[in-house]
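The values are calculated or read from the model by the stated rules, or taken from the named source; none is laboratory data. It should be emphasised that the depicted structure is a prediction, and the values quoted were computed from it without experimental measurement. Backbone-built Cβ (ideal geometry, glycine too); neighbour counts: all protein chains shown. Just the protein is used for accessible areas: all its heavy atoms, side chains included, with ligands, DNA and RNA removed. Shrake-Rupley method; radii C 1.70, N 1.55, O 1.52, S 1.80 Å.
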Amino acid sequence: MAVISTLVQIGKLVDNAKFVQQKILQVKKTVAIIFLCAFISAQAQRAVFTHCAFSTPDNKPYIETYLSIDGKSVSFRKNKNGKYQGDVEVGIIFSKNGNIAASKKYNLLSPEQNDTLTRPAFVDEQRFPLDTGEYEVELMLKDKNKNGKTVSMKEKTKIDFPQDKVTVSGIEMLSSFAKAEKTGTLTKNGFDLVPYTNIDFYPGNINEISFYAEIYNTKKILGENEKFLLTYYIETNETKMKLEKYAVAKKEIASPVNVLLSKFNIENLQSGNYNMVIEVRSKNNEPVAQKKVFFQRQNAKAKEDLAKDLSGVMVENTFASKFTKRDSLSEFIRTVRPISTEAEKSFIDNQLKLAELKLLQQFFYNFWQTRNPLSPEQAWNTYYQDVKTVNKKFGNFIYKGYETDMGRVYLQYGPPDTRDESPSEPNAYPYEIWTYYTLEDRSKLNPNQTKRKFVFYNPELVANNYQLLHSDALSELHDANWDMKLHKRMTQSNDMEQLNAPDHFGGNAHDEFNNPR
């Protein structure tokens, strides 16, 4: 599935972010959170757009696009049948090297309604024959029942199905599937496939995850009538650990195209970040091809018992067995919270005080073994040097360095590329702005980002007790009113919509944060 990360808000670009569970799901006014799709939001329409690459048995690639428009965000008017209906003009263009390779422009009509109280979402699917290569895809939307502006987004995508390798198509996530009674736009290989239109986010009220994919060239590469192993499973995104409860392996016969249409019951899948993985292995269990797609789960009903999962971890004669003092080991475990998964954070927050020494050893060893299987002890020692650094730089008489916001950010993302300190700017609390040219999340909860900034300030004027005020990084604290809060020491305003403090002598925070360097 193509990765689209462009957000258009009333015709202009705004920050993109990510649908996530609880702590990550932070929608601030007009900022939407996305990944693996385009979310176009305007006064006229809101839509979700995704696409997958496939190929035909005679090796002719194509891209399928899936568009879902929120009916509540478009205007409905009476049509010639006396029914109310939404009408959105859609334009999709695929360009290669500046030249249009394929395009469509059409009107997408909603289902007819007796009134405007009910305005359901309407879904559309299109197919574009395209050659192998890199493309720029542009989506344009305009509400035909309203004189609004056309909103658009652009993003790059790639088609690559080499004929000398076994390959896997894009993984199409489905809302449902059923045997087709007649061929329609959603029909593929005898099934009607309804695309999943909630981006890559699965809330607790959805108990199944369905998907479709195709495997190409097994007959050509592995041999006619040759058997191979097709495996599909869910893995954790952070540690790439396969979840055996959600894993299926079956033998297949090599064909020009092998089809996979399946689903998992995820009623008991805990909240977290995951990948749906499809693997092809030869009869000798040698890896041949793999494809995966990211998704997130929010499920308050399912409680993860990490302690139970750790019961089989052997720690005898490992470096973790050397830690025989419970208090010291508990302290070491607290230091790894900034780079922990959600399940690991839950263990640290809820079980650390009550867990026995052996369980703590099992947790600590498993934590570092999953991150560096060859040398878990070395991984810990390297990280602990950073802990010592933040304790020295950011600790104060209230908190240890790793417990502070600055210490947490340093441990999670590493040292900033630039650190602008302003301890005595007129009208402002003491503050610092950290800039990361490349932001790599050691917890693996977020993808790599570029040119991200963090604003810390000290409103209590306590020595070295800076708090995170605002950041433009994914899943971090985002406060549109941060500039006013930073200058609240001397600047007061009753205007809740005022986002920036008035210009004053020596003021630099707003300009520094918006500096594109």
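Could you run through segment 266-299 and say how many residues are of a type in the set (S, T, Y) and outside any strand (DSSP E or B)?
Going through segment 266-299 one residue at a time, the tally reaches 2.
Taking P373, is it farther than 16 Å from Q467 by Cβ and open to solvent by 80 Å² or more (accessible area, probe 1.4 Å)?
Working: farther than 16 Å from Q467 by Cβ: yes; open to solvent by 80 Å² or more (accessible area, probe 1.4 Å): yes.
Answer is yes for this residue.
All but one of (1) free of Cβ contacts under 8 Å to residues at least 40 places away in the same chain; (2) over 14 Å from P111 (Cβ atoms); (3) surrounded by fewer than 18 Cβ atoms within 10 Å (Cβ to Cβ) hold for S95, so report the exception by its number.
Only one criterion is unmet by S95, namely (1).
Residues of segment 334-363 being under 13 Å from A307 (Cβ atoms), assigned to a helix (DSSP H, G or I) and of a type outside the set (D, E), which ones?
Once the filter is applied, which keeps residues that are under 13 Å from A307 (Cβ atoms), assigned to a helix (DSSP H, G or I) and of a type outside the set (D, E), segment 334-363 yields A343, S346, F347, I348, N350, Q351, K358, L359, L360, Q361, Q362, F363.
Name the residues in segment 242-293 that are surrounded by fewer than 14 Cβ atoms within 10 Å (Cβ to Cβ) and of a type in the set (A, V, I, L, M), would you?
V248, A249, I253
Taking the options L359, L354, name whichever one is touching a residue at least 12 places away in the same chain (Cβ under 8 Å), out of contact with any strand residue (DSSP E or B) (no Cβ under 9 Å at 6 or more places or on another chain) and either of a type in the set (A, V, I, L, M, F, W, C) or more than 30 Å from E460 (Cβ to Cβ) (or both).
Details: L354 fails: touching a residue at least 12 places away in the same chain (Cβ under 8 Å).
Exactly one of L359, L354 is touching a residue at least 12 places away in the same chain (Cβ under 8 Å), out of contact with any strand residue (DSSP E or B) (no Cβ under 9 Å at 6 or more places or on another chain) and either of a type in the set (A, V, I, L, M, F, W, C) or more than 30 Å from E460 (Cβ to Cβ) (or both), namely L359.
Conditions (1) more than 29 Å from the chain's Cα centre (by Cα); (2) more than 30 Å from I339 (Cα to Cα); (3) modelled with pLDDT of 90 or more; (4) in a helix (DSSP H, G or I), marked per residue:
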| position | (1), (2), (3), (4) |
| --- | --- |
| S152 | no, yes, no, no |
| Q163 | yes, yes, yes, no |
| A178 | no, yes, yes, no |
| G184 | yes, yes, no, no |
| G204 | no, no, no, no |
| S210 | no, yes, yes, no |
| A213 | no, yes, yes, no |
| I221 | yes, yes, yes, yes |
| Y233 | no, no, yes, no |
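Does segment 294-315 include one or more residues that are open to solvent by 20 Å² or more (accessible area, probe 1.4 Å), at pLDDT 95 or above, within 24 Å of the chain's Cα centre (by Cα) and basic (K, R)?
no
Would you mention how many residues in segment 49-91 are of a type in the set (A, V, I, L, M) and more than 19 Å from G148 (Cβ to Cβ)?
Residues flagged as of a type in the set (A, V, I, L, M) and more than 19 Å from G148 (Cβ to Cβ) within segment 49-91 amount to 2.
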